[in-house]
Amino acid sequence: MAKLWGGRFQKSAESWVDEFGASIGFDQQLVLEDIEGSVAHVTMLGAQNILPAEDVTKILAGLAQLKVKAEAGELEFLVANEDIHLNLEKMLIDLIGPVGGKLHTGRSRNDQVATDMHLFLKKRVPEVVGLIENFQKTIIAQAEDNIETIAPGYTHLQRAQPISFAHHLMVYFWQLERDKERFIESMKRIDILPLGAGAMAGTTFPIDRLKSAELLGFSQVYANSMDAVSDRDFIVEFLSNSALLMTHLSRFAEEIIIWSTDEFKFIELDDAFSTGSSIMPQKKNPDMAELIRGKAGRAFGNLVGLLTVLKGTPLTYNKDMQEDKEGMFDTMETVLGSLKIFEGMVRTMVVNKPRLHSAVHSDFSNATELADYLATKGMPFREAHEVTGKLVFTCIQQGIYLLDLPLTEMQKESALIEEDIYEVLAPEAAVRRRNSLGGTGFEQVANQIEIAKTHLK
Ligand code: ARG
């Protein structure tokens, strides 16, 4: 089939070579963006009298028809036409005749493809932000239900100090809040239009780039035509923000997986978000959480992939850049899917409050309370740490916990310990008293949740 750029060629590539170079297999996802960009471009060409009004009208009518077909999934893309840009241009010419060939006046596929990518992210990053926010609301709802649910807090995955379970859940709210901010801030750089840069040097036609920007809803245009067609930093940024988001989701997923084991039993996932085993009838697996944890890998891969594609390319456009798309599409799908699933999983999970309560009453996570108690009574903290450590050891030897230790036993290590120690050692009290700003005290957690709500729309 004749190529739209075939004039200077004496022979055509074989189909398997075409196939290797073609991007239509994946860039057809940009069909609506490509049409949108073309509509703006040709409208601008008309407004600038670069094309006569009647041509513009015909082209716009043709593009409108293609759009209807695209939305209905009726366009048939051909590998022989290489990519989404040439496929659509060819279809337009087939539809309205040679006048369709005027659409590409003052434009190159180089500024066109960069425009499509900007349009793609401009539309979908707000969707990501919306899903993050939705998930944040769900986290808040679970947290509000668990402000006074005492749970073991961990460092090194060893019991550390008792906490409010809501405090733990809210960590993920704040991580997501920063992720959300990063996506929102990145919109500023997505909101720069490359269109009008031409192949790389601008164009001799009296185009109006600001008009195109206005038509497409961009607040800025790239100031340098070579920069406009050669960088993909706005995509790297999206991939990077997504990789970090997936890191956060993956850590949360890991905790969900641990919490739903028989060993922990802190939560139970809803059947709708779990799967069974084909051989072991008793199994209820946290597959969705595992899958999200696993999918973080592809998000990282896509980021590193694009950075690597870009790092050695001289200015300006190089075909290498065609490799920017699949990773972006894949990460977008991964992020949107993971956020949706995670929200449902957390909304429907049941927190096993009795189990958390008993867990925190059968460990040494109140040991810091004893040390702090002694320090408050004037003992140097280092010494208090030592005394407490000895009492913990005594308990371990007897198979009991600090609250079970008789006062007389405690007093053998320090006369400063009095009857009131038992109140101090109660996990509820330990949590309640951690009332420092941002601490796990109930009052602080309730306060934190109120602050969190002000970050939501
Ligand atoms: N399919 C190409 C891409 O995705 C479009 C730009 C092609 N430009 C060119 N001069 N070959 O990068």
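Step by step: first the residues of the range 407-457, then only those that are outside any helix (DSSP H, G or I) and among the acidic types (D, E), then the one that is surrounded by the fewest Cβ atoms within 10 Å (Cβ to Cβ). Which residue is that?
Result: E419.
Which of (1) modelled with pLDDT under 95; (2) within 16 Å of the ligand (Cβ to nearest atom) does G305 not meet, given it meets every other one?
All conditions pass for G305, except number (1).
Does the range 143-159 contain at least one residue that is farther than 25 Å from S219 by Cα, free of Cβ contacts under 8 Å to residues at least 12 places away in the same chain and touching a Gly at 6+ places or on another chain (Cβ under 6 Å)?
no
Anything in the range 181-207 that is of a type in the set (V, I, T), away from the ligand (no atom under 16 Å from the Cβ) and surrounded by 14 or more Cβ atoms within 10 Å (Cβ to Cβ)? List them, or say none.
Residues satisfying the conditions are I184, I190, I192, I207.
Taking S38 as meeting all but one of (1) part of a helix (DSSP H, G or I); (2) away from the ligand (no atom under 16 Å from the Cβ); (3) in contact with a helix residue (DSSP H, G or I) (Cβ under 8 Å, 6 or more places away or on another chain), write down the number of the exception.
(2)
Residues of the range 167-198 being more than 25 Å from I140 (Cα to Cα) and either under 16 Å from the mean Cα position of the chain (by Cα) or assigned to a helix (DSSP H, G or I) (or both), which ones?
S186, M187, K188, R189, I190
Give the residue that is farthest from the ligand (Cβ to nearest atom), with candidates limited to residues of the range 74-132 that are polar (S, T, N, Q) and in a loop (DSSP other than H, G, I, E, B).
Out of the qualifying residues, it is T105.
Being more than 16 Å from the ligand (Cβ to nearest atom) and over 30 Å from F26 (Cβ atoms) narrows it down to one residue among V335, V346; which is it?
V346
Against the condition under 25 Å from R432 (Cβ atoms), at pLDDT below 95, more than 16 Å from the ligand (Cβ to nearest atom) and not in a loop (DSSP other than H, G, I, E, B), how does A160 come out, does it pass?
yes
Within the range 258-288, can you find the residues that are crowded, with 18+ Cβ neighbours inside 10 Å and touching a residue at least 24 places away in the same chain (Cβ under 8 Å)?
S260, F266, I267, L269, F273, P286, M288
Yes or no, residue by residue, for (1) surrounded by 19 or more Cβ atoms within 10 Å (Cβ to Cβ); (2) among the hydrophobic types (A, V, I, L, M, F, W, C):
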residue: L4; (1), (2): no, yes
residue: K11; (1), (2): no, no
residue: V17; (1), (2): no, yes
residue: D27; (1), (2): yes, no
residue: T57; (1), (2): no, no
residue: I84; (1), (2): yes, yes
residue: V99; (1), (2): no, yes
residue: R109; (1), (2): yes, no
residue: V113; (1), (2): yes, yes
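I'd like to check something: does the range 445-452 contain any residue that is touching a residue at least 40 places away in the same chain (Cβ under 8 Å) and within 26 Å of S362 (Cβ to Cβ)?
Looking through the range 445-452, at least one residue is touching a residue at least 40 places away in the same chain (Cβ under 8 Å) and within 26 Å of S362 (Cβ to Cβ).
The values are calculated or read from the model by the stated rules, or taken from the named source; none is laboratory data. Computed from a predicted structure; not experimentally measured. All Cβ positions, glycine included, derive from the backbone under ideal geometry; neighbour counts span all protein chains shown.
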